[in-house]
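Working notes, beginning with the structure itself.
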Amino acid sequence: MTLRDPLSFRVGSLPLLISIPHAGTRLTPTVEAGLTDDARQLPDTDWHIPQLYDFARAMGASVLVGNYSRFVIDLNRPADDKPLYSTATTGLYPDVLFDGRPSFLPGKAPSEQERAGYLQQVWQPYHRQLQDELARIKARHGYALLFDAHSIASVIPRLFDGKLPDLNLGTNGGESCAPALSDRLVSCCERQRQYTHVLNGRFKGGYITRAYGRPQERQHAIQLELAQVNYMSEQYPFAFEPQRAASLQRLLKQMIENLLEGAAQLR
């Protein structure tokens, strides 16, 4: 079976690529038929992230969005499916929800052959586009910024204790971007009081941040995991909340502007 249009991409003029790997909701027939009732609601989707970052597109950022659900294949996991965290997590082909409930009915998960096809037709095109765009940006500007945009429910006991901070910045423990850039983002967060924040807390950055963050090559990667309660309903059908989102977007725009300013000064 051929899987079409695995991604959406729009090239921009800034030295910035916004990667959005987990907003997709498209399913293959096998995955759709095999999901449990709980998983059919696609609860672990990074809902509305492309809409939330519309301002960055308008600013001139390149934007890459995965179209398929993470229940087909997780674009932010390595192709060999090696675990990224020593704590509870999900893999390249998630068989459980974030809260630990099964994703698939007994015996209804896709076969190894089908999943190999998802790797070839969904995962690989996304990463080729990501690599190609970072190379284009570097060739044009001399450096490249990768901002990997995510969101998650604010309370998931299996993954973290209590309520998640509102903004969770990840730089793989300082290895995926220049400290001056993460310092600017943290300072931006510290200048406001509405949202809590943390750097390299529970979410230090997934595969995309770790694989493509190469500050020594003037290629800087940062992940931001947002608590969804700040811009949407965390209950099905996971509606976008424009008023709450507008306040968050103002801060996100300030963060992106500070990131761009700081990167230009590093040249």
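Pull up the stretch 58-84, narrow it to residues that are over 21 Å from residue 6 (Cβ atoms) and in contact (Cβ under 8 Å) with a residue 24 or more places away in the chain, then point me to the one that is least open to solvent (accessible area, probe 1.4 Å). So the residue we want is 60.
Applying the condition of being under 13 Å from the mean Cα position of the chain (by Cα) and closer than 14 Å to residue 173 by Cα to the stretch 209-243 and asking which residue is most open to solvent (accessible area, probe 1.4 Å) yields 210.
Of the residues in the stretch 245-252, at least one is surrounded by fewer than 16 Cβ atoms within 10 Å (Cβ to Cβ), touching a residue at least 12 places away in the same chain (Cβ under 8 Å) and either of a type outside the set (Asp, Glu) or out of contact with any strand residue (DSSP E or B) (no Cβ under 9 Å at 6 or more places or on another chain) (or both).
Yes or no, residue by residue, for (1) buried (at least 17 other Cβ atoms within 10 Å of the Cβ); (2) in contact with a His (Cβ under 7 Å, 6 or more places away or on another chain); (3) on the phi > 0 side of the Ramachandran plot:
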position	(1), (2), (3)
139	no, no, no
143	yes, no, no
149	yes, no, no
154	yes, no, no
163	no, no, no
167	yes, yes, no
172	yes, no, yes
189	yes, yes, no
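The set of residues from the stretch 168-210 being acidic (Asp, Glu) and farther than 24 Å from residue 130 by Cβ comprises 183, 190. Residues that are touching a residue at least 60 places away in the same chain (Cβ under 8 Å), assigned to a helix (DSSP H, G or I) and under 20 Å from residue 102 (Cα atoms) were ranked within the stretch 1-57; the one that is nearest to the chain's Cα centre (by Cα) is 39.
For residue 187, indicate whether it is small (Gly, Ala, Ser), in a helix (DSSP H, G or I) and touching a residue at least 60 places away in the same chain (Cβ under 8 Å). Yes. Considering (1) outside any helix (DSSP H, G or I); (2) touching a residue at least 60 places away in the same chain (Cβ under 8 Å); (3) of a type in the set (D, E, K, R), the lone condition that residue 261 does not fulfil carries the number (1).
Checking each residue in the stretch 99-133 for being part of a loop (DSSP other than H, G, I, E, B) and crowded, with 18+ Cβ neighbours inside 10 Å picks out 103, 109, 110. On inspection, residue 203 fails the criterion of being in contact (Cβ under 8 Å) with a residue 60 or more places away in the chain and in a loop (DSSP other than H, G, I, E, B).
The values are calculated or read from the model by the stated rules, or taken from the named source; none is laboratory data. Computed from a predicted model, the values in this text were never measured in an experiment. Note that we place each Cβ from the backbone using ideal geometry, even for glycine, and neighbour counts take in every protein chain shown. For the accessible areas, the whole protein counts, side chains as well, though only heavy atoms, and no ligand, DNA or RNA atoms are used. Shrake-Rupley method; radii C 1.70, N 1.55, O 1.52, S 1.80 Å.
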